[in-house]
Amino acid sequence: MAVVSIEELGALVPEGQTLAGLDLGTKTIGLAVSDLGWRFATPRPVLRRVKFGIDAAALQAFLDGVRCGGVVIGLPLNMDGSEGPRAQSTRAFVRNYIRLDPRPITFWDERLSTVAAERGMLEMDVSRAKRAERIDSAAASFILQGALDRLSALAERGDIMPL
């Protein structure tokens, strides 16, 4: 498949499948998965990055294991909305990955997702060591939850089929 809009993603994912959220880092890939009703995002353990082929195989295995029908990937835009090296790296990963996996993928603006995830963990009094271990998956959950909320709003307005 290819990269699609959030509206298209909602229409392309078959009923009974989850959505996954990804936060691509240089050392890890933060993971989150929705429930079957696409209401809640739950963080999952990170994937440690090795090299693209190994990363892609591990990601596919994870997505297969959670019955994932579509992927939301955080796009790290600059605060002014422009794309820097990190956004270009994310787009390059997706360009290569879509050759291997038929699932539809959409980008989601991830500005401040890590900041929001860190604040949430600070409010829950999570230790510094545990925050470092969990931050990427918490950010992926924040990214996915934003996309799920958007899909829900689109369904309420009648712009896409109800979830």
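The values are calculated or read from the model by the stated rules, or taken from the named source; none is laboratory data. Every value quoted in this text rests on a predicted model; they were computed, and no experiment measured them. Heavy atoms of the whole protein, side chains included, go into the accessibility calculation; ligands, DNA and RNA do not. Shrake-Rupley method; radii C 1.70, N 1.55, O 1.52, S 1.80 Å.
Residues in the range 58-63 carry Karplus couplings, in order, of 5, 5, 4, 4, 4, 4 Hz; the curve used is 6.51 cos²θ - 1.76 cosθ + 1.60 with θ = phi - 60°, and Gly or Pro positions show x. Working note: Cα atoms of the range 1-69, range along each principal axis, descending, whole Å: 33, 25, 18.
Computed from phi, the 3J(HN,Hα) profile of the range 71-86 under the Karplus parametrisation 6.51, -1.76, 1.60 (θ = phi - 60°) reads 10, 10, 10, x, 9, x, 6, 6, 4, 8, x, 7, 9, x, x, 5 Hz, with x in place of Gly and Pro. Between the amide H of Phe40 and those of Asp35, distances stay under 5 Å, these residues lying 5 or more places away or on another chain, with hydrogens modeled in the peptide plane. Solvent-accessible surface of the range 7-77, averaged per residue with a 1.4 angstrom probe and all protein chains in place: 46 square angstrom.
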